[in-house]
Amino acid sequence: MRRAIVLVVVLVVAAAAWGETPAKTRVKRTAKEAAKTGGRTARDGALTFGRSTRDFFKGGAAAARRTWKGNAAQTKATARSGARATRDAARGE
C-alpha cells in the first residue's frame, strides 16, 4: 500500500512537471498577445505610410499631413489596446 501511494505521488509530480503549468500557459499567452500587438501596429504603420503617400500625390503636402496625423492616432490607439491585452495576459487575467 505504501509503495502504491509513493508511486501515485511520483506520477502526479512528474505529470505536473511535463504538462502545462500556469506559468507556462501565462508566458505563452503573453507572447501571443505581444506578437499580435506587434503585427497589428506594423500593419497600421504600413497603411499610414501608404495612405499618406497617396494623399501627397493626390492632394499635396497638407493632405498628406492630415492623413498621417489621423492614421498615426489610430496606430497609437491600436498599440495601447494591445499593450493592455499583453499586460493582462502577463498578469494572468
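Here are the numbers:
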item: Summed residue charge, Cβ within 14 Å of K58's Cβ, Lys/Arg positive, Asp/Glu negative; result: +3
item: Furthest towards positive pole of dipole, A61, G82, G39, structure part region 22-91, Cβ charges; result: G82
item: Approximate spin-label separation K24-Q74, in nm, with each point projected 7 Å along Cα-to-Cβ; result: 4.1 nm
item: Formal net charge of residues neighbouring G39 (Cβ-Cβ distance under 15 Å; K, R +1; D, E -1); result: +2
item: Cα gyration tensor category, rounded, prolate or oblate, for region 22-91 with a/c compared to 1.5; result: prolate
item: FRET efficiency, S81 to F56 (Cβ-Cβ, R0 30 Å, nearest 0.05); result: 0.55
item: Cα-based reach from K28 at 22 Å (exclusive), listing lysines while leaving out same-chain residues under 8 positions away; result: K36
item: Radius 12 Å from Cβ of K69, net charge of other residues (Lys, Arg +1; Asp, Glu -1); result: +3
item: Cross-link reach list, aspartates and glutamates versus K24, counting only Cα pairs under 16 Å and skipping chain neighbours closer than eight places; result: E33, D88, E93
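Computed from the coordinates by the stated procedures, all read-outs in this text should not be read as laboratory data. Computed from a prediction, not measured in an experiment: that's the story for all the values here. Note that we place each Cβ from the backbone using ideal geometry, even for glycine, and neighbour counts take in every protein chain shown.
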